[in-house]
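The values are calculated or read from the model by the stated rules, or taken from the named source; none is laboratory data. Owing to the predicted nature of the structure, the values given are computational and were not obtained by experimental measurement. Methodologically, a virtual Cβ is constructed for each residue, glycine included, from the backbone with ideal geometry; neighbour enumeration extends over all protein chains shown. Note: accessible area is taken over every heavy atom of the protein model, side chains too, but ligands, DNA and RNA are not part of it. Shrake-Rupley method; radii C 1.70, N 1.55, O 1.52, S 1.80 Å.
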Amino acid sequence: MNIIKASKDLSNLLDSIRKENPKVTVGFVPTMGALHDGHLSLLSESVTKSDITVCSIFVNPTQFGEKADLEKYPKPIENDINLLMEAGCDILFLPEYEQVYPDTYTHQEFDLKNLDHKIEGASRPGHFQGVCNVLFRFFEIIKPNFAFFGQKDFQQTVVAKRLAQLMEQGPQIVVTPIKREAHGLAMSSRNIRLSEKGKMNAAFIYKALLQLKEDTEELNLVEALQKARQFISAQKGANIDYLLAIDTITLDEVSRIDQAQGVAVVTVIEYEGVRLLDNIILK
Ligand code: AMP
């Protein structure tokens, strides 16, 4: 695996490969490191679908609201490198801040059709514009044919699709299913902040989502959501940040399943001081 730190080196290398073989396809997996099986499922999807797989590890400051959250982010780089090699990654892009945001770069405001202000965006102002700025830079440097995102960060997949649409040579966005622990908790780099017991207990989130989906066969959506909220609130130490049914395209809240072409339930539960994201597609 080639480890590249300079943007110019990466774009030059990929350009020369493409010059030699214009048919070569490049898959890109953006991450913030502290890799787990969820990230590796994206890698595996890219390795299958593309000739060359590029993975980036970059903890992007422009998408963190609080500096403390950014500083707390785990950085086990040696382990990440080993995992990427085992996964068949061809290139690891490991840039410093200046490589992504040179002095000549001005932070952009993308027209995200308000997608960035809804759900997660409502409590994290600027977060999705930050995500789009870093993705824009990566897409510019790498010019990937495909970019792989996990369904776990549902809103991010919708925002990334919008960004790709806005770019002249944007990649095809490929979304892969949520990878879970055996008991059901969605894998996340943040899970290491949970106690062992908390990690086991937090399986109630997926349990609630599965039950909610099943309940929609008997109850209407509002009732099923209400039942799920009651179940979650009854778990000691759990606080619901939100639990919403949304239109999978506009991200607007829906109250009936027949109200949209695609419907998902997205949630954030605060547990042991950690924000745990999860979601389930209903339709
Ligand atoms: P992150 O390093 O948290 O920015 O995540 C990088 C990518 O991995 C994003 O596209 C995430 O949605 C994806 N990802 C994170 N956790 C999971 C998971 N449990 N299953 C599938 N993909 C995931």
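Points to keep in mind about this one:
- Condition met for ALA202 (buried (at least 16 other Cβ atoms within 10 Å of the Cβ), in contact with a Phe, Trp or Tyr (Cβ under 7 Å, 6 or more places away or on another chain) and either among the aliphatic types (A, V, I, L, M) or touching a residue at least 12 places away in the same chain (Cβ under 8 Å) (or both)): yes
- Long-range neighbours under 8 Å by Cβ, at least six apart or interchain, first residue open to solvent by 80 Å² or more (accessible area, probe 1.4 Å) within region 164-182, second more than 13 Å from the ligand (Cβ to nearest atom): GLN169/PHE139; GLN169/LYS143; GLN172/ASN145; GLN172/ALA164
- Residue in region 7-43 that is farthest from GLU71 (Cα to Cα), counting only those that are in contact with a helix residue (DSSP H, G or I) (Cβ under 9 Å, 6 or more places away or on another chain) and away from the ligand (no atom under 16 Å from the Cβ): VAL24
- For region 134-248, the helices (runs of 4 or more DSSP H) that sit wholly inside it and include 2 or more residues that are within 16 Å of the ligand (Cβ to nearest atom) are 154-166, 204-215.
- Region 112-124, residues that are exposed (fewer than 12 other Cβ atoms within 10 Å of the Cβ) and touching a residue at least 40 places away in the same chain (Cβ under 8 Å): none
- Where a residue in region 1-30 is of a type outside the set (Ser, Thr, Tyr) and its partner, wherever it lies, is open to solvent by 70 Å² or more (accessible area, probe 1.4 Å), with Cβ under 6 Å and at least six apart: MET1/MET85; VAL24/ASP51; GLY27/LYS49
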